[in-house]
1. Could you list all residues from the range B:77-99 that are at the interface with chain C (Cβ under 9 Å from one of its Cβ atoms), surrounded by fewer than 17 Cβ atoms within 10 Å (Cβ to Cβ) and touching a residue at least 24 places away in the same chain (Cβ under 8 Å)?
2. Of (1) in contact with a helix residue (DSSP H, G or I) (Cβ under 7 Å, 6 or more places away or on another chain); (2) away from chain C (no Cβ under 13 Å), B:Met74 satisfies all except one. Which?
3. Inside the range B:152-180, can you point out the residues that are assigned to a loop (DSSP other than H, G, I, E, B), modelled with pLDDT of 85 or more and under 25 Å from B:Leu25 (Cβ atoms)?
4. I want to confirm something. Restricting to the range A:160-186 and keeping residues that are facing chain C (nearest Cβ under 7 Å) and under 18 Å from C:Val157 (Cβ atoms), which single residue is surrounded by the most Cβ atoms within 10 Å (Cβ to Cβ)?
5. Output the number of residues of the range B:139-158 satisfying the condition of being within 23 Å of the chain's Cα centre (by Cα) and in contact (Cβ under 8 Å) with a residue 24 or more places away in the chain.
6. Please name all residue pairs, on different chains or six or more residues apart, with Cβ atoms under 7 Å, provided the first residue is in the range B:187-209 and is more than 17 Å from B:Val140 (Cβ to Cβ) and the second residue is assigned to a helix (DSSP H, G or I) and among the polar types (S, T, N, Q).
7. Can you tell which of A:Phe5, A:Phe103 is part of a helix (DSSP H, G or I) and over 17 Å from A:Thr218 (Cβ atoms)?
8. Name the single residue that is nearest to A:Trp180 (Cα to Cα) among those in the range A:148-159 being assigned to a helix (DSSP H, G or I) and within 9 Å of chain C (Cβ to nearest Cβ).
Amino acid sequence: MLKQFHRLVSPKYFYNLAVLLTPWFSWLTALLMIAGLYGGLVFAPADYQQGESFRIIYVHVPSAWMSLFIYIVMAVAGGVGLIWHIKIADVLAKSCAPVGASFTFLALATGSLWGKPMWGTWWVWDARLTSELILLFLYLGYMALQSAFEDRRVAARASAILALVGLVNIPIIHYSVEWWSTLHQGATVSKIDAPSIHIDMLIPLLIMALAFKAYFVTIVLLRSRTEILEYECHSTWVSELLNKVESKT
Amino acid sequence: MNRIQKLNALKTIQYNCKEDELSQLEVSGIECIRQDIILFQDVSFKLHTGDLLQIDGVNGSGKSSLLRLLAGLMQPNAGEIIWQGKEISRCRYEYQQEIIYIGHLNGVKDALTALENLRVMVALAGSKPDIPLSNALDQVELAGMDTIPLSRMSAGQKRRVALARLFVTKAAIWLLDEPFTSLDASGKLVIERLIAEHCARGGIIIFATHQPMEIENCSIMHIHLGKK
Amino acid sequence: MYSYWNVFRVIFLRDIILASRYRAELANPLIFFIMVIVLFPFAFGSDPELLRRVTAGMIWITALLASSLSLEGIFRSDYDDGSAEQMVLSGCPLTLLVAAKITAHWCLTGLPLIIIAMLTAYLLSLSTQALQALFLTLLLGTPVLSLIGAIAVALTVGLRSGGMLLSLIILPLYMPTLIFSMLAVENAMVDLPVDAELYFLSGMLALSVTLAPIATAYSLRIRMS
């Protein structure tokens, strides 16, 4: 068991695994995305209150879920790298950040687009949107710190600490913002992920959520492949790989 | 696999009971990569009590990095540093009580007086000084300058205050990075005498310097970093 | 041997003495604080009713900015002259040394800031209940700011983009403190109880007192490598 784990976290093995898995996950993403979008945009009935504009939840809600999920993955991977000095964990954490930030931005943008017809304005200080915005700041801080260091190892460790501090803070931020918003403006019409959703609307939503997950895995695999090659540029297996590629072309 | 582990365990026990006869500090196969550049690879040596080791190498060959690795400030990318049978990162505070590291930076405060600086150093070392603090200043030829803030001292005098730590704190292993920078001839002499005494007491000294060194009654071992 | 308390005291006093030798620098965050407060009426107009409503808010935001600007000083000079290296290599737990430094920093910047803030709030004729709430939130909140900020400073000290990066990292982490403090003050202004918010702030203080020095020590060690 332990032996297998050690093999899995060796950069060379992980790289090969990533090369193997990337096409599978890309196809899975494409399939799920088509199914989910068809279900959401064509198959699902229009909302009796919000009309057609509710369909943006098929992008908004999964990306909001992903934004938090990826932050947790990133912080946990960073922590694992910090404690057990596992290179792969550092690489994964670093590859997660831009994807997570993009999903957070997507959630914000779609939330704002949805807000225009619903609330008549692009931005309201709704609790969910506000915490999402703060999450985006956390991601941006993480990426800024990551790029401020010249040495990879130091960068990985320093930003892992920041991610963990952020992870501890996320629940506090979430509840403080929630409290603040209820005291300030009462409950807003947060129909956006109401519990009472019709099953025909729910199934495409879940498919979209899976599609986003698969997309995330694909992108992280791709990014970490590049990262591993850079990280391991001195090792023999990377130079062998490069020689092979060069002799082919 | 299991047998090797057992053997290793046996070895550790031996280390623990006969630490005096075995090496105090053992460096095996360490590698240092900074900013994607390999500074050195596969550096190994063993040091016993009373050993004096000089690290040679051109600028940028990783002399300072090796000292920082030995101090535990950085971790090697590969290999390990073993002190009395234990990896140094596994017994951090015990090990740190046993070393003095004086780097490029003096680690003294300009706004404080020499005496105040020494007091802080002693507190950080976590032990009582052997000799009164002002005596230590006498030793580095700064007698009567206890109450002058360091901002009014010259670079050489500041270096002397930093080196005064060698008198006031007890530690077996000294790691000195270019100890003679900005010291004059008499300052150099004081430090050389101190190094000789420490070796005679059974301490270990590792230092990096460009200048050729001769110390009486001490044979200096050398390790060369970078391309020859 | 030596006691941890003794080490804590030496480092704490060292920072106090250092600050007393650079007395002029000590006043800078306070002058900055007052200047920013003066900016608000220029921006909002001098309508006393409006200003009274935003007084607590502008005091807190200004305190936030002043704290994040002064924070870099915790480790800056130690990083530059190598004292930080010696601390990391000390035979005493780094957490303890870092805790001493954070305490000293709060006594030197946080405490005077509270006094000046209270004075400003009084001059801007905040009601007694609001003053009380503001005082309590500042008392509980500014140590949280120093503690959380210290982690970020330890990570970014000596970096090329230091100051800006520091603000970018810590401001999101400061938001809960600001939110709870402002809610408490607003409640106090309309005579509502403020216990809940104060309990939250105390909880955050307890959490950061226990975790922040450990995280700061870890960060500093990484930064030194």
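1. Within the range B:77-99, no residue meets the criteria.
2. (2)
3. Listed by number, the residues that qualify are B:Ala164, B:Ala171, B:Ala172, B:Glu178, B:Pro179, B:Phe180.
4. A:Leu162
5. The total comes to 7.
6. Sorted first by the residue in the range B:187-209, then by its partner, the pairs are B:Ala208/B:Ser64.
7. A:Phe5
8. Checking each candidate, the answer is A:Ser159.
The values are calculated or read from the model by the stated rules, or taken from the named source; none is laboratory data. Just so you know, these numbers come straight off a predicted model, no measurement behind them. A quick note on method: Cβ atoms are made from the backbone with ideal geometry, for glycine too, and the neighbour counts reach across all protein chains shown.
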